[in-house]
1. Among the residues of segment 159-167, are any open to solvent by less than 20 Å² (accessible area, probe 1.4 Å) and within 14 Å of the chain's Cα centre (by Cα)?
2. Among the candidates Gln117, Gln90, Gln145, Gln109, which residue alone is closer than 30 Å to Tyr25 by Cβ and either part of a loop (DSSP other than H, G, I, E, B) or at pLDDT below 80 (or both)?
3. If a residue must be of a type in the set (Gly, Ala, Ser) and over 9 Å from the mean Cα position of the chain (by Cα), how many such residues does segment 28-78 contain?
4. Could you list all residues from segment 115-149 that are closer than 16 Å to Ala79 by Cβ and under 16 Å from the mean Cα position of the chain (by Cα)?
5. Quickly run through segment 120-145 and pick out the residues that are more than 18 Å from Trp59 (Cα to Cα), in contact with a helix residue (DSSP H, G or I) (Cβ under 6 Å, 6 or more places away or on another chain) and open to solvent by 10 Å² or more (accessible area, probe 1.4 Å).
Amino acid sequence: MAHKILRTKGSAAFIDRLLKLVPQYRKDVGHQAEVVATRLFARIVSNTPYDTGNAQHSWDIEASPGVDMDNKIMDIQVAIDTDYSAYDAQRGTKADRQTSKMSFSAGLQKASHIRGQGIDGPMRVNIRSEGAPYVERLERGSSDQAPRGYIRLAVKDAGSELSRKLKRIL
């Protein structure tokens with residue numbers, strides 16, 4: 001997006017023009033945060049090892065405006081339900097299996113509801129896995145299908161991606 005060059009004669013006029021651009025910058029920042037959040041979610045989902053499909057399909061995402069975030073653009077929380085007492089072992093039976101392996105584009109589609117929410121500026125992103133407590137073991141490297149720490153790596157990459165995008169805006 002090309003922004004207008006600020007050319008004003010007085011400091012009051014300069015500040016007035018600058019303040020008029022702030023909402024557009026907030027909107028641009030919010031949009032980039034949405035893009036990075038949906039890509040992060042899709043990466044986590046598609047990189048989650050696939051056997052029955054339950055682990056991949058257990059992921060969900062929510063986004064909300066980030067208030068009181070101490071100058072952060074995006075606050076990412078990833079939560080994994082580790083309660084085996086609530087785990088239904090029958091979900092893994094062949095009759096109840098999720099049949100499709102989720103691709104990156106399927107992950108983007110599942111997260112599409114957070115796009116266009118009108119969150120301008122900082123954003124809180126909550127990504128969680130429920131009903132598949134073994135996702136924690138997968139994160140620790142129990143499967144050959146994903147590297148150890150695949151969730152942490154995705155979050156780290158998302159932070160770098162957001163930084164690159166914001167440098168282009170600001």
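1. Scanning segment 159-167, I find at least one residue that is open to solvent by less than 20 Å² (accessible area, probe 1.4 Å) and within 14 Å of the chain's Cα centre (by Cα), so the answer is yes.
2. That would be Gln117, the only listed residue that is closer than 30 Å to Tyr25 by Cβ and either part of a loop (DSSP other than H, G, I, E, B) or at pLDDT below 80 (or both).
3. So the count comes out to 7.
4. Passing the criteria: Arg124, Val125, Asn126, Ile127, Arg128, Ser129.
5. Residue satisfying the conditions is Asp120 alone.
The values are calculated or read from the model by the stated rules, or taken from the named source; none is laboratory data. What you see is a predicted model, and the numbers here were worked out from it, not measured in a lab. Note that each Cβ is placed from the backbone with ideal geometry, even for glycine, and that neighbours are counted across all protein chains shown. To get the accessible areas, we keep the full protein, side chains included, count just its heavy atoms, and leave off ligands, DNA and RNA. Shrake-Rupley method; radii C 1.70, N 1.55, O 1.52, S 1.80 Å.
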